[in-house]
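What follows is one structure encoded as structure tokens, with my remarks underneath.
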Amino acid sequence: MQQFSIGEPTEVAPARRAVSVLAGQLGFDAEDAGRAALVATEIGTNLVKHGGGGELIAQRITSGGRTGLELLGLDKGAGMADIAKSLRDGYSTSGSPGTGLGAMERMSQLFEIYSRPDQGTAVLAQLWPGARVPTPERTQIGALVVPKPGETASGDAWCYHERIEGALLAGIDGLGHGFAAQQAATEACRVFNAENHRPLLRLLQLLHEALRPTRGGAVTLLEVDWDAARMGTVAVGNVSAAFINSSGMKRIAADNGIVGHVIGKPREFQHPCPPDTVVVLHSDGLTANWHPDRYPGLMQHHPSLIAGVLYRDCKRGRDDSMIVVMRRTPS
């Protein structure tokens, strides 16, 4: 993942070049990489013109065994009252030709905007080599992992395993930050990938044993069965999780302790999980006082856009940050 803080027009070009290089590294040919660079340029330009500055995030995504590129533009500017109107070519509030948003939408294989007047704008663009969108998987997922400012290594991590009936998701927060915390998170993901066929409580026990030589950390495990409309959870420590559906929002209980060092007897909880459920999992690098009522319509968007908006508004800025959002792929 690469982050670019863009507050001046001169900061757009370096971001564009970096996105072009990243696209090439991900297997995009010259034409596709140029397309990605153009989308990044438009996002960066809009951050300056309309957002009062903001953040551009570029990262690798995978689906159906293929690799693509995801771009997120996040600002806290004036926002848009009418997104559909803003997408029409020729509409502009700054004297420009007014083709930026429409061009981004045409060049991207997935393009979404979430904006509220006086609350900022979030733009999501996903691009795939050859403009060929992979066959959708059963579960949509979006995530951001950002190291503590000044660090290059993150002690936050997430792991995911697609199952026939649903999905298994883990959120890990290695104790502290920096390289030692990253070692704990990396070991946890290694065990998860090797043992993800295990029941939740057994998987947590295996993680506890494996993390003993490390700093340890907080771990939350979620097992979703879309067909049975239920979700099982096991959590130790401060990786927060919540799920949102037509019945409202429910936060998931966690037991005290540090996986790898001291845990009591973990408990597994079962929850109803109707088809419209959105699962949000995040480390304590984000505040937990967010609520979907503050974001009308956001939960109907792609998980990557939801993750981007909550990261923008809830990051503490003094620790590693991780947020993962998961939902059943709309039919």
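The values are calculated or read from the model by the stated rules, or taken from the named source; none is laboratory data. What you see is a predicted model; the values in this text were computed from it and never measured. Don't worry about glycine lacking a Cβ; one is built from the backbone with ideal geometry, like all the others, and counts go over all protein chains shown.
Anything in the stretch 4-49 that is closer than 16 Å to A131 by Cβ and touching a strand residue (DSSP E or B) at 6+ places or on another chain (Cβ under 8 Å)? List them, or say none.
A23, L26, G27, F28, D32, R35, A36, V39, listed by residue number.
Which one is modelled with the lowest pLDDT among residues in the stretch 218-244 that are surrounded by fewer than 19 Cβ atoms within 10 Å (Cβ to Cβ) and within 22 Å of the chain's Cα centre (by Cα)? First the steps, then the outcome.
From the stretch 218-244, those surrounded by fewer than 19 Cβ atoms within 10 Å (Cβ to Cβ) are 225, 227-230, 232, 238, 242; that's our starting set.
Filter once more, keeping what is within 22 Å of the chain's Cα centre (by Cα): 225, 232, 238, 242.
On the way: D225: 96, G232: 97, N238: 93, A242: 97.
Looking at residues that are surrounded by fewer than 19 Cβ atoms within 10 Å (Cβ to Cβ) and within 22 Å of the chain's Cα centre (by Cα), I get N238.
Looking for whichever is surrounded by fewer than 20 Cβ atoms within 10 Å (Cβ to Cβ) and over 14 Å from T220 (Cβ atoms) here; the options are I164, I141. Which one fits? Give the derivation first.
Numbers: I141 fails: surrounded by fewer than 20 Cβ atoms within 10 Å (Cβ to Cβ).
Residue meeting the stated conditions: I164.
Take P266 and tell me if it is touching a residue at least 40 places away in the same chain (Cβ under 8 Å) and more than 24 Å from H208 (Cα to Cα). Let's see the steps before the verdict.
Values: touching a residue at least 40 places away in the same chain (Cβ under 8 Å): yes; more than 24 Å from H208 (Cα to Cα): no.
So P266 fails the test.
Taking the stretch 124-164 as the search range and keeping residues that are more than 13 Å from the chain's Cα centre (by Cα) and of a type in the set (V, I, T), which one is modelled with the lowest pLDDT?
Looking at residues that are more than 13 Å from the chain's Cα centre (by Cα) and of a type in the set (V, I, T), I get I164.
Test D29 against the stated conditions and say whether it is over 26 Å from V146 (Cα atoms) and at pLDDT 95 or above.
Considered against the rule, which asks whether it is over 26 Å from V146 (Cα atoms) and at pLDDT 95 or above, D29 comes out as yes.
Identify, from the list V48, V19, V39, the residue that is in a helix (DSSP H, G or I), modelled with pLDDT of 90 or more, surrounded by fewer than 22 Cβ atoms within 10 Å (Cβ to Cβ) and not assigned by TED's automatic domain parsing to the domain that holds G297. Talk me through it step by step, then tell me what you get.
Working: V19 fails: surrounded by fewer than 22 Cβ atoms within 10 Å (Cβ to Cβ); V39 fails: surrounded by fewer than 22 Cβ atoms within 10 Å (Cβ to Cβ).
Answer to the check: V48.
Out of the stretch 149-158, which residues are touching a helix residue (DSSP H, G or I) at 6+ places or on another chain (Cβ under 9 Å) and surrounded by fewer than 22 Cβ atoms within 10 Å (Cβ to Cβ)?
If the condition is that a residue be touching a helix residue (DSSP H, G or I) at 6+ places or on another chain (Cβ under 9 Å) and surrounded by fewer than 22 Cβ atoms within 10 Å (Cβ to Cβ), then E151, T152, A153 are the ones that fit.
Among what's in the stretch 247-263 and is touching a residue at least 12 places away in the same chain (Cβ under 8 Å) and of a type in the set (A, V, I, L, M, F, W, C), pick the residue that is farthest from C189 (Cα to Cα). Give the derivation first.
As a first pass, look at the stretch 247-263 and keep what is touching a residue at least 12 places away in the same chain (Cβ under 8 Å): 247, 249-261, 263.
Remaining after also requiring of a type in the set (A, V, I, L, M, F, W, C): 249, 252-254, 258-259, 263.
Numbers: M249: 28, I252: 21, A253: 22, A254: 20, I258: 16, V259: 13, I263: 19 Å.
Only one residue tops the list, namely M249.
Can you work out which of the residues in the stretch 126-159 that are acidic (D, E) and in a loop (DSSP other than H, G, I, E, B) is farthest from I57 (Cα to Cα)?
This residue is E137.
All but one of (1) part of a helix (DSSP H, G or I); (2) at pLDDT 95 or above hold for T67; state the number of the condition that does not hold.
Here T67 meets the rest and fails (1).
If a residue must be part of a strand (DSSP E or B) and in contact (Cβ under 8 Å) with a residue 60 or more places away in the chain, how many such residues does the stretch 274-325 contain?
Here the count works out to 9.
Just the residues that are among the polar types (S, T, N, Q) and not in a strand (DSSP E or B), please, taken from the stretch 221-273.
N238, S246, S247, N256
Sort out which residues of the stretch 62-83 are among the β-branched types (V, I, T) and either within 18 Å of E105 (Cβ to Cβ) or over 19 Å from the mean Cα position of the chain (by Cα) (or both), and write them in order of number. Break it down into steps so the answer makes sense when it comes.
Narrowing the stretch 62-83 to residues among the β-branched types (V, I, T): 62, 67, 83.
Within the stretch 62-83, I83 is the sole residue that qualifies.
So which of M299, M322, M326 ends up being out of contact with any Gly (no Cβ under 6 Å at 6 or more places or on another chain), more than 26 Å from R202 (Cα to Cα), of a type in the set (A, V, I, L, M, F, W, C) and buried (at least 18 other Cβ atoms within 10 Å of the Cβ)?
None of the others qualify; the one that does is M299.
Which of (1) among the hydrophobic types (A, V, I, L, M, F, W, C); (2) touching a helix residue (DSSP H, G or I) at 6+ places or on another chain (Cβ under 7 Å); (3) surrounded by 19 or more Cβ atoms within 10 Å (Cβ to Cβ) is the odd one out, the single condition A184 does not satisfy?
Just one mismatch for A184, condition (2).
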